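Here's the structure we're looking at; comments come further down.
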Amino acid sequence: MRRNRLAAYLTSLFLAVGMALTGAAAAHASSAAVTGYVALGDSYSSGVGAGSYISSSGSCNRSTKAYPYLWQAAKAPASFSFMACSGAITTDVINNQLGALNSSTSLVSISVGGNDAGFSDVMTSCVLDSDSTCLSRIATARAFIDSTLPGRLDAVYSAIRSKAPSARVVVLGYPRFYKLGTTLCLGLSETKRSAINGAADYMDTAIAKRAADHGFTFGDVRTTFTGHELCSGDAWLHSVNLLNITESYHPTAAGQSGGYLPVLTNAA
């Protein structure tokens with residue numbers, strides 16, 4: 001009988017502890033759900049290529065189909081500041097986008113670094129010039145990623161942490177652009193496509209390292225974009241768009257909702 005009473009007592013104790021922990025976790029999740037979210041970064045965060053641009057955002061081209069807007073629509077944080085802007089480099093984020101951050105900010109997302117490394121110039125060289133010129137321009141970008149980009153990212157990440165000391169910061173990377181090994185894709189050579197994909201990997205590795213060193217979470221979108229690259233037959237990226245050149249090589253609305261949004265949701 002004593003053993004049965006002891007077992008009953010222990011069972012009750014474990015249940016009580018479990019309920020207390022569950023309640024605490026629920027309370028934490030509930031409080032986290034109603035705090036502020038600030039979306040920073042470049043065109044991959046503003047939603048260039050997704051359409052449905054907010055007129056008041058002007059040349060920043062913030063889209064209601066961009067992953068930050070979709071996340072806040074689904075999660076309804078108490079406040080939402082959409083600061084990401086087309087063409088932004090690291091200094092633009094520091095100088096123009098951090099005003100919305102404060103001690104109450106609980107979530108920050110950001111993608112930045114591609115423009116610093118000359119993403120647009122790389123793609124122009126690779127589309128218009130020879131394989132050797134494309135590879136040379138990519139080599140220049142990789143050298144910049146090694147020598148200069150880490151310091152620029154450190155400056156941005158340190159400024160974010162200083163202004164939002166309690167926030168969870170999710171740093172989103174960039175997708176690979178091309179599916180390789182297919183004969184059904186016209187345009188760039190396989191050499192160029194492979195080199196561009198390699199440059200995206202190189203960039204993501206550098207960003208992930210700096211994010212980790214600051215205690216931030218890296219959101220790797222290469223996994224969600226797999227099978228949806230250019231030349232895949234179901235691309236979530238624009239190829240060259242002569243009617244709107246700015247949208248070239250940016251995620252479509254499907255790329256924002258299917259490629260970026262799940263990564264932020266899982267990381268946040």
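Coordinate-derived values only; no laboratory data. Bear in mind that the values here come from a model prediction, so they are computed numbers and not experimental data.
Based on the reciprocal of the average 1/r between different C-alpha atoms, the Kirkwood radius for segment 113-268 equals 16.4 Å. Candidate values [x] 1.04; [y] 1.19; [z] 0.98 were compared with Cα Rg over 2.2 N^0.38 Å computed on the shown model; the agreeing label is [y].
The helix-based estimate of mean residue ellipticity at 222 nm for the chain, built from -39,500 (n - 2.57) per DSSP H run of four or more residues and divided by its residue count, is -14500 deg cm²/dmol to the nearest 500.
How big is the gap, in Å, between the Cα center of segment 109-138 and the Cα center of segment 143-169? If we compute the Cα centre of each part, the gap is 22 Å. Restricting the calculation to Cα atoms, segment 57-196 yields a radius of gyration followed by a Dmax of 17.8, 53 Å. Mean separation of Cα pairs under 8 Å and 6 or more residues apart, divided by the residue count, gives the chain a relative contact order of 20 percent.
Helix 131-147 and the longest principal axis of the Cα set of the chain meet at an angle near 40°. Can you list, bin by bin at 10 Å, the percent of alpha carbon pairs in segment 56-114, starting at 0? Pairs per bin, as whole percents: 19, 56, 25, 0. Taking the Cα atoms only, what angle lies between the long axis of helix 149-163 and the longest principal axis of the chain, rounded to 10 degrees? Long axis of 149-163 versus the principal axis of the chain: about 40 degrees. Could you work out how far helix 2-33 tilts from the main Cα principal axis of the chain, as a 0 to 90 degree angle to the nearest 10? With both axes taken from Cα atoms, the answer is about 40 degrees.
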